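The values are calculated or read from the model by the stated rules, or taken from the named source; none is laboratory data. None of these values were measured; they are calculated from a predicted model. No Cβ is skipped: glycine too gets one built from the backbone with ideal geometry, and neighbour counts run over all protein chains shown. SASA here: full protein model, heavy atoms, side chains in, ligands and nucleic acids out. Shrake-Rupley method; radii C 1.70, N 1.55, O 1.52, S 1.80 Å.
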Amino acid sequence: MLKQKDIDEHGQGVDPWLFDKGKAIHLAGRPILGISHLGIPLDFSLTELATPVVTERVVSLFQSLELEKEVQFIPAQVEGRSEPYFILNVLQVIRCIDDARCEEVAYWTPEDGEPELVGKYQKVYGLKVDPARLGDANICRPWGWTGAIIVTERIKLAMDDAGITGTRFREA
């Protein structure tokens, strides 16, 4: 797991919550990410705030799959590493969770005291998506539960075939 440092190479603050909104982001400098553990670098990692960080291998693979309109790769610096890294910014948030098929879902309510979260998911166990709601999307984040990234079987198989390290897939 990488540590989110919340600064860029110029010492300017970077809002770590920008990367799950499903919108293109333009930063003045490269975000700096710390390493919380040493080991073999992975092609796909998450920061402690669940921001996906990938290597050039993932960038090349996604380009070969023609996913440029669905993702943005933001150059990032990982402390202690010389190779290039990128934040994987998924550009679509889709209301695709199938509540009835999930093990359990709960929504934030006014009584929870978090007005900006009311109506969004408070918890989702056994995430299931409704494929019909995904349309032509190959990759997205589910609305209200944007910590997850949903990919099609095509992307999963391509990542497996390419030997991309660090991924964990669960059927949703």
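At-a-glance table
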quantity	calculated
Conditions (1) loosely packed, with under 14 Cβ neighbours inside 10 Å; (2) part of a loop (DSSP other than H, G, I, E, B): number failed by Gly144	(1)
Within segment 11-105, strands (runs of 3 or more DSSP E) holding 2 or more residues that are more than 16 Å from the chain's Cα centre (by Cα)	31-35, 71-78
Whichever residue in segment 48-63 is in contact (Cβ under 8 Å) with a residue 60 or more places away in the chain and in contact with an Asp or Glu (Cβ under 6 Å, 6 or more places away or on another chain) and, among such residues, is least open to solvent (accessible area, probe 1.4 Å)	Val58
Count of segment 106-141 residues which are outside any helix (DSSP H, G or I), among the hydrophobic types (A, V, I, L, M, F, W, C) and under 19 Å from the mean Cα position of the chain (by Cα)	6
Output for segment 96-105, where each listed residue is touching a strand residue (DSSP E or B) at 6+ places or on another chain (Cβ under 8 Å) and surrounded by 12 or more Cβ atoms within 10 Å (Cβ to Cβ)	Cys96, Ile97, Asp98, Asp99, Cys102, Val105
Test: residue in segment 120-136 that is open to solvent by less than 60 Å² (accessible area, probe 1.4 Å), at pLDDT below 95 and farther than 24 Å from Arg168 by Cα	no
Residues being closer than 15 Å to Leu91 by Cα and touching a residue at least 60 places away in the same chain (Cβ under 8 Å) - total across segment 146-172	3
So Ile164, is it open to solvent by less than 80 Å² (accessible area, probe 1.4 Å), under 16 Å from Ala50 (Cα atoms) and either under 16 Å from the mean Cα position of the chain (by Cα) or at pLDDT below 95 (or both)	no
Candidate set from segment 1-37 (those that are free of Cβ contacts under 8 Å to residues at least 24 places away in the same chain, loosely packed, with under 12 Cβ neighbours inside 10 Å and not acidic (Asp, Glu)); member that is farthest from Glu79 (Cα to Cα)	His26
Odd one out for Phe62, checked against (1) touching a Lys or Arg at 6+ places or on another chain (Cβ under 6 Å); (2) closer than 29 Å to Gly144 by Cβ	(1)
Which numbered condition Pro41 fails, given (1) under 18 Å from Lys156 (Cα atoms); (2) open to solvent by 20 Å² or more (accessible area, probe 1.4 Å); (3) touching a Ser or Thr at 6+ places or on another chain (Cβ under 8 Å)	(1)
Close pairs (6 angstrom Cβ cut-off, 6 or more residues apart or separate chains): surrounded by fewer than 17 Cβ atoms within 10 Å (Cβ to Cβ) in segment 64-83, among the small types (Gly, Ala, Ser) anywhere	Glu79/Gly34
